[in-house]
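Following: one structure in structure tokens, then a few remarks.
Taken together, the values in this text are just the output of simple stated rules run on the coordinates, not laboratory data. Predicted model, so just to flag it, every value in this text is computed and none were measured. Methodologically, a virtual Cβ is constructed for each residue, glycine included, from the backbone with ideal geometry; neighbour enumeration extends over all protein chains shown.
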Amino acid sequence: MPVRPKKKCCEDRPRCKRCPIRLLSEGKLAPEDARHLFANARNKKALKKAKLAKTAAKLESAA
């Protein structure tokens, strides 16, 4: 059974097992689910801070 991602990133270090940023970087989070989760401003900021700017830009342009 796949892991269900959290609605908000808690920004902990190391990343928790349900972290949406971690799941996205490992390829375990579907792009359509990622767009929905990272529509939240706090999650966008956390995504960019995690140095996944290319992924963040791709999600913003596809929305």
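Obtain the nm distance between the two label points defined at ARG18 and ARG4 by a simple spin-label model: each point lies 7 Å from its Cα along the Cα-to-C-beta direction.
About 0.8 nm, to one decimal.
Figure the gain on full extension for GLU26 and LYS49 (residue separation times 0.36 nm, minus the Cα-Cα span) and round it to one decimal in nm. All intermediate terms of the calculation are to be shown ahead of the outcome.
Working: separation 23, 0.36 × 23 = 8.28 nm, distance 1.66 nm.
Gain in length upon complete extension: 6.6 nm.
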